[in-house]
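The numbers here are math on the coordinates, done by the rules we state, and not lab data. All of these numbers come straight from a predicted model, not from anything done at the bench. Cβ coordinates were reconstructed from backbone atoms using ideal geometry, including for glycine residues, and neighbour counts include every protein chain displayed.
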Amino acid sequence: MSLAGLASPSAAAQNSRIARDMRPIRIWLWSVAALVFLMVVVGGATRLTESGLSITEWKLVTGILPPLSEAAWLAEFEAYKRIPQYSELFPTMSLSEFKFIFFWEWGHRLLGRLIGVAFAGPYVWFWARGYLTTRMKWQFGAVLALGGLQGAVGWWMVTSGLAGRVEVAPERLAVHLLLASITFTALVWLAVGLRPKAAEAAPGRLRVMSKALVGLTLFQIGLGGLVAGSRAGLTYNTWPLMDGRFIPPSEHLFDMEPLWLNFLENITTIQFDHRIGAYVLLALAIWHWIDARRTAPGSAAYRRAATVAGLVIVQAGLGIATLLLAEGKIPLWPALLHQAVAMFVLGMAVVHARRLSEPGRPAQR
């Protein structure tokens, strides 16, 4: 909703009333966004601890509870023993070790169920109480559909690792992560848009670049999913060079046929793409920050642009640290921080783009 040009006392009173009426909905959307953020971080821990395939069945209702008896635990363990990951990677795993990875995956799935309830329940309640406009009903319904699709994609991802592989397919993991990030983007975008605020004067290129940064951040997160899924972070653990070169030889980047397969399964290409994506995102975020300082100094848009750039710089540093610290195994805490800060970058970029999306008078600079 645009509030550009409203300056009269009655308009200010109307803004105040809208803010008051929308406040419960904003709190709800931000709360669900926080749960999705947590879900992404827990999902990263599930991947790093090799826990994602520990539960080999999808039980929508009965799966809410973990095994409650020794016999039930042994049955779950026996089911895990039948998949390739156990026999090829962890043939000496004990029951106590299995319980550790089981609880990571169980917690991840339980959190997914909680998010579904936390969104669907208030959605129905707000609708029934007449809080939602027709547009909001459709928008929130689309987010609910995204959540349902996310659950289906999660199981589709898990099934790829139950036979013929020792881990889930990298492209499915990337889709799973990207879909969660898109859901988070939608929640933040809608929550910010429900807070009445005067439109900001800014050049059109700042508005365009703010949205481009959101898109590029999502793309980079998808590339990160491919890196995680293919274990590409365990190779070329040097920076800024890869095996002594900034750009690996073409015979290493494109040694798979057909050509497109390199972008999904060639670990050299996957890591190189993720590096280049980070450089592009960093350069554009800093350029946007400088541009905002020149065209809108001291404004809220400038402060947000500076925050986005600062977060991207931190994120790049965490990515480099994670790469350099990987010696046969990705270190858990740097990797999780890397993933968490990626979501902070995305969230701040969305807030920035949403605020600048309000139509207003372009700055004369």
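Pairs of Cα atoms under 8 Å, at least six residues apart: use those to get the relative contact order of the chain, whole percent. Show your work: numbers first, answer last.
Details: 427 pairs, mean separation 87.2, N = 365.
Relative CO of the chain lands at 24 percent.
Would you mind pulling out the separation of the Cα centroids of the range 284-314 and the range 114-171, in Å?
Computed from Cα coordinates, the inter-centre distance equals 33 Å.
Give me the base-10 log of I(q)/I(0) for the chain at each q in 0.12 Å⁻¹, Debye formula, one uniform scatterer per Cα, rounded to two decimals.
Log-scaled intensity ratios, in q order: -0.98.
Ordered by packing density, taken as the mean number of other Cβ atoms within 10 Å over each peptide's residues, highest first, how do 210-219, 181-190, 79-88, 281-290 rank?
Values: 210-219: 19.6, 181-190: 22.7, 79-88: 15.7, 281-290: 18.1.
Result, highest mean first: 181-190, 210-219, 281-290, 79-88.
Which one, A321, A228, A33, has the greatest fluctuation when you compute a Gaussian network model over the chain with C-alpha springs under 10 angstrom?
Comparing A321, A228, A33 in the GNM, the peak value goes to A321.
Could you let me know the centre-to-centre spacing of the range 47-74 and the range 218-272, using Cα atoms, in angstrom?
So the two Cα centres are separated by 33 Å.
Starting from the Cα gyration tensor of the range 160-246, take the square roots of the eigenvalues, sort them a ≥ b ≥ c, and report rounded, prolate or oblate (rounded when a/c is under 1.5, otherwise prolate if a/b is larger than b/c, else oblate). Show your work: numbers first, answer last.
Numbers: a/c = 4.48, a/b = 1.66, b/c = 2.69.
Verdict is oblate for the range 160-246.
Enumerate the aspartates and glutamates that K99 could reach by cross-link, defined here as Cα to Cα under 18 Å, with residues fewer than 8 away along the same chain left out.
Excluding near neighbours in sequence, the set is E50, E57, E70, E76, E78.
Would you mind calculating the relative contact order of the range 1-198 from Cα pairs under 8 angstrom and at least 6 residues apart, reporting the percent as a whole number?
Details: 165 pairs, mean separation 81.2, N = 198.
Once normalised by length, the contact order is 41 percent.
Based on the alpha carbon coordinates of the range 200-365, what radius of gyration and maximum Cα-Cα distance (Dmax) apply, in Å?
Radius of gyration, then largest Cα-Cα span, for the range 200-365: 17.7, 55 Å.
What is the mean projected area of the alpha carbon convex hull for the range 29-140, to one decimal in square nanometres?
Details: hull surface 34.2 nm².
Taking the Cα atoms of the range 29-140, their convex hull projects to 8.5 nm² on average.
Determine which lysines satisfy two conditions relative to K211: a Cα distance under 29 Å, and not lying fewer than 8 residues away in the same chain.
K137, K197
Once you have the Cα-Cα distance between K329 and A300, take 0.36 nm times their residue separation minus that, and quote the gain in nm to one decimal. Please list the in-between numbers first.
Numbers: separation 29, 0.36 × 29 = 10.44 nm, distance 4.20 nm.
Result: 6.2 nm gained on full extension.
If you count, for each residue, the other Cβ atoms within 10 Å and average over each peptide, how do 152-165, 63-76 line up from highest to lowest? Intermediate values should be presented prior to the final figure.
Working: 152-165: 16.2, 63-76: 12.6.
Highest-to-lowest ranking by the protection proxy: 152-165, 63-76.
What do you get for chymotrypsin sites (Phe, Trp or Tyr not before Pro) in the range 224-267 restricted to DSSP loop and a cutoff of at most 11 other Cβ within 10 Å of the site's Cβ?
F246
Order 122-129, 268-275 from most to least packed using the mean count of other Cβ atoms within 10 Å.
Ranked from most to least packed, the peptides come out as 268-275, 122-129.
Given the range 76-173 reduced to its alpha-carbon atoms as identical point scatterers, what log10 I(q)/I(0) does the Debye formula return at q = 0.14 Å⁻¹?
-0.68
Just grab the label-to-label distance for A163 and R195, each label 7 Å out from Cα along the Cβ direction, in nm (one decimal).
A separation of 5.0 nm, rounded to one decimal place.
I need to check one value: relative contact order of the range 56-149, counting alpha carbon pairs closer than 8 Å and at least 6 residues apart, in percent.
Numbers: 21 pairs, mean separation 20.8, N = 94.
Averaging sequence separation for qualifying contacts and normalising by length gives 22 percent for the range 56-149.
In the calculated pair distance distribution of the range 1-198, what percentage of Cα-Cα distances lie above 26 Å?
Values: 8653 of 19503 pairs.
In whole percent, the long-distance tail amounts to 44.
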